[in-house]
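Working notes for the structure below.
The values are calculated or read from the model by the stated rules, or taken from the named source; none is laboratory data. Worth saying up front: this structure is predicted, and the values here are computed from it rather than measured. Every residue, glycine among them, receives a Cβ derived from its backbone with ideal geometry; neighbour counts consider all protein chains shown. Keep in mind that these areas ignore ligands, DNA and RNA; they rest on the heavy atoms of the full protein, side chains included. Shrake-Rupley method; radii C 1.70, N 1.55, O 1.52, S 1.80 Å.
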Amino acid sequence: MTSQGHHSSIRRSHDELVQTLIGLLAQTSKDKVARLFLASLSSHRLDWRAGLAAYASSCLFEDHSFVERYPEQRSKEYAEYSPCALCGNRRSEEAFEPEVMQELYLESGGFCRHDLSALCYMLEYTLSLESPQPTPRDSELLRAILAVLSAADGKKRQVLTKLRKIPAFEADAEQCEYLLETLGYCGILRTPQHPAPSVAFRDMIFPPQRSHNTDWAYPADFWEPANGIDPQRVAYWFGTYL
């Protein structure tokens, strides 16, 4: 992943960003982000996957005002960096420069940091897109991906290797990892003790972690390939196309 570069000088408050996010979610449809994701599989339009990652990880985001998580530890110097007790986001944020945001979130195939400014950026971009019609080839590729996940065993890294071997599915290991993480946000990866953020709202800035040095986003971090996938969540997101 590229260096994050210099930050913009514009700061936006937690409460302002929450209201922006709630408004964007109200304008975004589940069907549009699902169609964009599905149509990306054969077209290799990685930017079309950003909307599902952002929407699925924030669609149950609760409207709230900032409540300081650790008021007893507040320092005047770092007050703006204090996390919210409900969502984990800071009292205020600086967004990355647009070109950095583009590389991080639109060219990666589903990387999502879950801070408010990133979620807003990804949803705003998704709303600017026309809604493509997935092709039969897209549906075939999704079925092939789901077949790999349904029959998987061993370690997640081995699953990534199998995904990369799907004919006509052109993706490197990192893109496959982001794809799995997106399916995790959707609740398609079965993680019984760790509900997806599209099933139950949770703080995605400080989620549970399997280990302190994990490479995986929640809840894909807790997915065991032997647990397979949840067919009800597959139907919820993609049933129209399968």
**Request:** State which residue is nearest to Q133 (Cα to Cα) when the search covers only the range 205-242 and only residues that are open to solvent by less than 20 Å² (accessible area, probe 1.4 Å) and outside any loop (DSSP other than H, G, I, E, B).
**Result:** F238
**Complete:** A careful count of residues in the range 180-206 that are over 13 Å from the mean Cα position of the chain (by Cα) and of a type in the set (G, A, S) gives 1
**Request:** Please name all residue pairs, on different chains or six or more residues apart, with Cβ atoms under 8 Å, provided the first residue is in the range 142-156 and is in a loop (DSSP other than H, G, I, E, B) and the second residue is among the hydrophobic types (A, V, I, L, M, F, W, C) and open to solvent by 30 Å² or more (accessible area, probe 1.4 Å).
**Result:** A152/A226; D153/A226
**Request:** Among what's in the range 157-169 and is surrounded by fewer than 18 Cβ atoms within 10 Å (Cβ to Cβ) and touching a residue at least 40 places away in the same chain (Cβ under 8 Å), pick the residue that is farthest from T214 (Cα to Cα).
**Result:** A168
**Message:** List the residue pairs whose Cβ atoms are under 6 Å apart, where the first residue sits in the range 49-72 and is among the β-branched types (V, I, T), the second is open to solvent by 10 Å² or more (accessible area, probe 1.4 Å), and the two are 6 or more positions apart or on different chains.
**Reply:** V67/A85
**Asked** From the set of residues in the range 194-204 that are in contact with a Phe, Trp or Tyr (Cβ under 7 Å, 6 or more places away or on another chain) and open to solvent by 40 Å² or more (accessible area, probe 1.4 Å), which is farthest from R90 (Cα to Cα)?
**Response** H194
**Request:** Please find, among L146, L119, the residue that is in contact with a Ser or Thr (Cβ under 6 Å, 6 or more places away or on another chain), under 24 Å from D31 (Cβ atoms) and among the hydrophobic types (A, V, I, L, M, F, W, C).
**Result:** L119
**Asked** Considering the range 191-218 alone, what residues qualify as being β-branched (V, I, T) and in contact (Cβ under 8 Å) with a residue 12 or more places away in the chain?
**Response** T191, V199, I205
